[in-house]
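Trainee: I'd like to ask you about the structure that follows.
The values are calculated or read from the model by the stated rules, or taken from the named source; none is laboratory data. Quick caveat, the model's predicted, so the values are computed rather than measured. Here Cβ is always computed from backbone atoms with ideal geometry, including for glycine, and neighbour counts include all displayed protein chains. We work out accessible area using only protein heavy atoms, side chains counted, and drop any ligands, DNA or RNA first. Shrake-Rupley method; radii C 1.70, N 1.55, O 1.52, S 1.80 Å.
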Amino acid sequence: DVEPAAFLALLKFLYSDEVQIGPETVMTTLYTAKKYAVPALEAHCVEFLKKHLRADNAFMLLTQARLFDEPQLASLCLESIDKNTADAIAAEGFTDIDLDTLVAVLERDTLGIREVRLFNAVVRWSEAECQRQQLQVTPENKRKVLGKALSLIRFPLMTIEEFAAGPAQSGILVDREVVSLFLHFTVNPKPRVEFIDRPRCCLRGKECSINRFQQVESRWGYSGTSDRIRFSVNKRIFVVGFGLYGSIHGPTDYQVNIQIIHTDSNTVLGQNDTGFSCDGSASTFRVMFKEPVEVLPNVNYTACATLKGPDSHYGTKGLRKVTHESPTTGAKTCFTFCYAAGNNNGTSVEDGQIPEVIFYT
């Protein structure tokens, strides 16, 4: 079961330490080196593959790395797919992968692509898989071949327009799922859906957060005006959400629109219309963006939250400068807050809403 060219490469290596590997023979040589337990030649093959790893062959190499049990090569392929997700899923090799490899990729929190584009690629894969299994290409069969991969698509991360134009009409989701997702997009508080709503950050590392207040007081009212605070940071970060204060009257639901605005150009860089439930305590409640918002060093941004709901807690004894120190690396991220002029519902550096910024470095 060994290709002659690969066997010749093995013999040459054993007798003369000569490494003869090319793009056409590398896989068969790797197989042969593993079969005859020649780890040095195996290492040369893996090195060759690493050197030639690109976005457009990452899926093909990932399949082989998993088949040949090469975890180091597999993790390099996955990193390449994270960094260049759009190019990798556009490559021909993507529709040839097996279901387990597809699942391994869809489970990742670090893919850098909009969810609707990922869904379209997965549909392409399901059509190819139907043909491999000699099934008719129907919505029911696409759902059948996708199996558990379907539940790993994060439909809640799409906009309602993206969902309505694509997945809702694809026939791959059953009516119950379509209805529950439309309700998730349009009503507050949000009903539970069976799909993951955690953002796929193209980020590694741990989630961090800072709180700009030292004390919590009660009674902050809302009349349709946005609470706003300006901030800048000393290094590039990705903001994924805010912590907001909730009701002083026990468990309540709020509707909220959150935004990050580039102050100088007044451009909205990220926003989300959503809601949150609070329990009446003085703690903060997480409200997340659909996608991470890139924040560059020493640039002014405005954090903005427009709440609809009863009077809430608010923060006092605010800090102008807040530093987050990484417990592992000791790296410091310094936030500087300043007053956002104009309508800001009374929020300032000293007191108000938007106590927390949740981010990745």
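Trainee: Hey, can you find the accessible area per residue of the chain for me, probe 1.4 Å, expressed in square angstrom?
Mentor: Numbers: 17410 Å² over 361 residues.
About 48 Å² of surface per residue is accessible.
Trainee: Excluding same-chain residues fewer than 8 positions from K317, which aspartates and glutamates have a Cα within less than 19 Å of its Cα?
Mentor: E217, D227, E350, D351, E356
Trainee: Efficiency by 1/(1 + (r/R0)^6): what FRET value for K321 and Q131, r their Cβ-Cβ distance, R0 = 51 Å, to the nearest 0.05?
Mentor: Once the sixth-power term is evaluated, E becomes 0.25.
Trainee: Can you give the helix-only mean residue ellipticity at 222 nm for the chain, where every DSSP H stretch with n ≥ 4 adds -39500 (n - 2.57) and the sum goes over all residues, rounded to the nearest 500 deg cm²/dmol? Don't skip to the end; give the middle numbers.
Mentor: Numbers: 11 runs with 117 residues, N = 361.
Estimated from H runs of four or more residues: -9500 deg cm²/dmol.
Trainee: Additional query: Using the Cα centre of region 208-360 as the reference point, and only Cβ charges (+1 on K/R, -1 on D/E), how large is the resulting charge dipole? Debye, rounded to the nearest 20.
Mentor: The calculated dipole for region 208-360 is roughly 400 debye.
Trainee: Oh, and also: Which of the GluC sites (Glu not before Pro) found in region 266-361 are in a DSSP loop and have at most 15 neighbouring Cβ atoms, other than their own, within 10 Å?
Mentor: In loop regions of region 266-361 (DSSP not H, G, I, E or B), the sparsely surrounded GluC sites (Glu not before Pro) are E350.
Trainee: Still on this structure: How big is the dipole moment of region 4-186 about its Cα centre under a simple scheme where the beta carbon of each Lys and Arg is +1, that of each Asp and Glu is -1, and everything else is neutral? Debye, nearest 20, please.
Mentor: It works out to roughly 180 debye.
Trainee: Under 8 Å for C-alpha pairs, at least 6 residues apart: give me the relative contact order for the chain, rounded to a whole percent.
Mentor: Working: 709 pairs, mean separation 56.0, N = 361.
Dividing the mean separation by the residue count of the chain yields 16 percent.
Trainee: Separate question: Cα to Cα, under 17 Å, and not fewer than 8 places away if on the same chain: which aspartates and glutamates meet these conditions relative to K142?
Mentor: The reachable aspartates and glutamates, counting only those whose Cα sits under 17 Å from K142, are D96, D98, D100, E127, E129, D175, E177.
Trainee: I would also like to ask the following. Please list, in order along region 84-96, the HN-Hα scalar couplings obtained from phi with the Karplus expression 6.51 cos²θ - 1.76 cosθ + 1.60 (θ = phi - 60°), rounded to whole Hz, x for Gly and Pro.
Mentor: Each residue's phi maps through the Karplus curve to give 10, 4, 4, 5, 5, 7, 7, 6, 4, x, 4, 6, 8 Hz.
Trainee: Could I ask something else about it? Which percent of the accessible area of region 35-128 is formed by carbon and sulfur heavy atoms (probe 1.4 angstrom)?
Mentor: Within region 35-128, the accessible surface is 51 percent carbon and sulfur.
Trainee: Could I ask something else about it? Give me the one-decimal nm value for the distance between modelled label points at E18 and T110, 7 Å along each residue's Cα-to-Cβ direction.
Mentor: 4.0
Trainee: Lysines near K206 by alpha-carbon distance under 23 Å, same-chain residues fewer than 8 away left out - which ones?
Mentor: Qualifying lysines at Cα under 23 Å: K83, K235, K290, K321, K332.
Trainee: Compute the long axis of helix 71-83 from its Cα atoms, compare it with the longest principal axis of the Cα atoms of the chain, and write down the angle in degrees, 0 to 90, nearest 10.
Mentor: So the helix axis and the longest Cα principal axis differ by about 50 degrees.
Trainee: Identify, among A86, L61, L11, the residue whose Cα sits farthest towards the positive end of the charge dipole of region 1-93, taking +1 on the Cβ of Lys and Arg and -1 on the Cβ of Asp and Glu, with the dipole about the Cα centre.
Mentor: Going by the charge dipole, the pick is L11.
Trainee: Using only Cα atoms, figure out Rg for region 208-360 and give it as a multiple of 2.2 N^0.38 Å.
Mentor: Compared with the compact-globule rule of thumb, region 208-360 sits at 0.97.
Trainee: With the dipole of the chain worked out from charges on the C-beta (+1 for Lys and Arg, -1 for Asp and Glu) around the Cα centre, which of V349, L244, Q271 lies farthest toward the positive end?
Mentor: Ranked along the dipole, the leading option is V349.
Trainee: Heavy atoms only, probe 1.4 Å: what % of the accessible area of region 208-360 goes to carbon and sulfur, would you let me know?
Mentor: 45
Trainee: Here's a follow-up. Regarding region 4-186, what is the average projected area of its C-alpha convex hull, in nm²?
Mentor: Numbers: hull surface 45.6 nm².
Hull-based average projected area comes out at 11.4 nm².
Trainee: Name the shape class, rounded, prolate or oblate, that the alpha-carbon gyration tensor gives for region 161-251, where a ≥ b ≥ c are the square roots of its eigenvalues, rounded holds for a/c under 1.5, and otherwise prolate holds if a/b is larger than b/c and oblate otherwise.
Mentor: Here region 161-251 falls in the oblate category.
Trainee: Taking 19 Å as the cut-off for C-alpha to C-alpha distance, list the pairs among K12/K34; K12/K50; K50/K148 that go past it. The partial results should precede the final answer.
Mentor: Details: K12/K34 16 Å; K12/K50 22 Å; K50/K148 30 Å.
Beyond 19 Å: K12/K50; K50/K148.
Trainee: Explain nothing, just the number: relative contact order of region 208-360, from Cα pairs under 8 Å at least 6 residues apart, as a whole percent.
Mentor: Worked out over region 208-360, it gives 42 percent.
Trainee: Could you give me the percent of Cα pairs per 10 Å distance bin for the chain, shortest bin first, beginning at zero and ending with the bin that holds the maximum distance?
Mentor: Result, from short to long distances: 5, 20, 23, 21, 15, 9, 5, 2, 0 percent.
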